[in-house]
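Report on one structure; see the data block that follows.
The values are calculated or read from the model by the stated rules, or taken from the named source; none is laboratory data. All values derive from a computational prediction rather than experimental measurement. Note: ideal-geometry Cβ built from the backbone for every residue, glycine included; neighbour counts use all protein chains shown.
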Amino acid sequence: MESVQEVAKRIIDNVEKVIIGKREQVEQTVIALLCQGHVLIEDVPGVGKTMLAKTIARSLGCTFQRIQFTPDMLPSDVTGVSVFNQKTREFEFRPGPIMAQIVLTDEINRATPKTQSALLEAMEEKQVTVDGVTYPLQKPFLVLATQNPIEYEGTFPLPEAQLDRFMLRISLGYPSPADEIRMLDSQQRVHPVETVEQVVNADSLLQAQEAVKEVHIDDAIKEYIVELVNTSRKHPDIYLGASPRGSLALYKTAQAKAAVEGRDYVIPDDIKALAIPALAHRLIVSPAARIKNVDSRTVVQEILDSVPVPGMRARPRR
């Protein structure tokens, strides 16, 4: 069996042929994939959000569907619909785009709350229920959602319950001038995504997902995670702090990050590296703090600076 580090490196290196100069963000997406979690990519148009999803799907050889959300979409446009067959005189289920393994939900905040809620069951329970019949989703299953934080006209803010179901929120950002020149050169004749080949099969990924669960986390690290989350609930600028699901997200992603770096144990730096993408989108800034332009990412950084980092203890022998 391939190690988690080998599987992750092959995916990341393959994706970097298309997404240039964003290794940290690509690694975080792969970490969420290894934890069976979903990713919210919040950034301005044209920085490669859709390409990131397409390239990961091609790297894994998984089925891929893209849902372009619009205000007039219905929940059945996402989950699928039962259609009456005149020949058989029975209803047949026609699956929607959510039935793929890698699903890109583009501009998720353009859909109405009712349509957004159609994703909740799929993201949490890995299944879809239509007309009282439940259809399990194929593994691995990953939702990559994108939204534009600048454009507000014709958008519907994501409900807190839905935001909480995204394991990580990342931002790609603009490339550096040198990386942008490399991007121009790489697309002179053909887009590099057209030449991307599968480097990992689904079985190897599923084995890596199981291996990540065995990564050791010391009790001191667990206490550190809980202290960070509890501090967010008491922060004066925060109206609603991180939920227990936030603690779990930080716990699981830290295990994956350690495995990706070739360790079978978690260190405090793993927690610090993932605290902002795992927790910031779960915090609701108070109205008074919002007037002062306080950002949830800044609050999480303040919490990281204020909570003491635990010392490491010797790992008990098995």
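Checking Ser247 against (1) small (Gly, Ala, Ser); (2) in a loop (DSSP other than H, G, I, E, B); (3) under 17 Å from the mean Cα position of the chain (by Cα), only one condition comes out false. Which one?
All conditions pass for Ser247, except number (2).
Could you list all residues from segment 220-253 that are farther than 22 Å from Ser296 by Cα and without any contact (Cβ under 8 Å) to a residue 40 or more places away in the chain?
Lys222
Do we have Thr63 as crowded, with 21+ Cβ neighbours inside 10 Å, closer than 26 Å to Arg10 by Cβ and touching a residue at least 60 places away in the same chain (Cβ under 8 Å) here?
Values: crowded, with 21+ Cβ neighbours inside 10 Å: no; closer than 26 Å to Arg10 by Cβ: yes; touching a residue at least 60 places away in the same chain (Cβ under 8 Å): yes.
No, not satisfied.
Give the residue, chosen from Ala242, Ala178, that is part of a helix (DSSP H, G or I) and of a type in the set (Gly, Ala, Ser).
It is Ala178.
Being touching a residue at least 40 places away in the same chain (Cβ under 8 Å) and of a type in the set (Lys, Arg) is the filter; apply it to segment 14-28 and report the residue that is farthest from Ser171 (Cα to Cα).
Taking segment 14-28 first, the residues touching a residue at least 40 places away in the same chain (Cβ under 8 Å) are 14-15, 17-22, 25, 27-28.
From what's left, of a type in the set (Lys, Arg): 17, 22.
Working: Lys17: 19, Lys22: 10 Å.
Filtering first and then ranking leaves Lys17.
Out of segment 220-250, which residues are basic (Lys, Arg) and more than 19 Å from Pro310 (Cβ to Cβ)? Before you say what the answer is, go through the steps one by one.
At the first step, the residues of segment 220-250 found to be basic (Lys, Arg) are 222, 233-234, 245.
Passing the criteria: Arg233, Lys234, Arg245.
Take Leu33 and decide whether it is buried (at least 24 other Cβ atoms within 10 Å of the Cβ) and within 14 Å of Pro140 (Cα to Cα). Break it down stepwise before answering.
Numbers: buried (at least 24 other Cβ atoms within 10 Å of the Cβ): yes; within 14 Å of Pro140 (Cα to Cα): yes.
So Leu33 fits the description; yes.
Any residue that is surrounded by fewer than 19 Cβ atoms within 10 Å (Cβ to Cβ), in contact with a helix residue (DSSP H, G or I) (Cβ under 9 Å, 6 or more places away or on another chain) and within 30 Å of Val44 (Cβ to Cβ) - is there at least one of those in segment 209-222?
no
All but one of (1) in the same structural domain as Ser171 (by TED's automatic domain parsing); (2) closer than 23 Å to Pro308 by Cα; (3) of a type in the set (Val, Ile, Thr) hold for Val200; which doesn't?
(2) is the only condition that Val200 fails.
Which of the following residues is surrounded by fewer than 21 Cβ atoms within 10 Å (Cβ to Cβ) and modelled with pLDDT of 85 or more: Pro175, Pro140, Pro149?
Exactly one of Pro175, Pro140, Pro149 is surrounded by fewer than 21 Cβ atoms within 10 Å (Cβ to Cβ) and modelled with pLDDT of 85 or more, namely Pro140.
Go through segment 112-141 and count every residue that is under 15 Å from Asp164 (Cα atoms) and touching a residue at least 60 places away in the same chain (Cβ under 8 Å).
So the count comes out to 1.
So Ile284 passes all but one of these: (1) in contact with a Leu (Cβ under 8 Å, 6 or more places away or on another chain); (2) at pLDDT 90 or above. Which condition number does it fail?
(2)
I'd like the residue in segment 40-58 that is in a helix (DSSP H, G or I) and farther than 19 Å from Met167 by Cβ and, out of all such residues, is modelled with the lowest pLDDT.
Of all residues in segment 40-58, those in a helix (DSSP H, G or I) come to 49-58.
If we keep only those that are farther than 19 Å from Met167 by Cβ too, we end up with 50-51, 54-55, 58.
Working: Thr50: 82, Met51: 85, Lys54: 85, Thr55: 88, Arg58: 86.
Filtering first and then ranking leaves Thr50.
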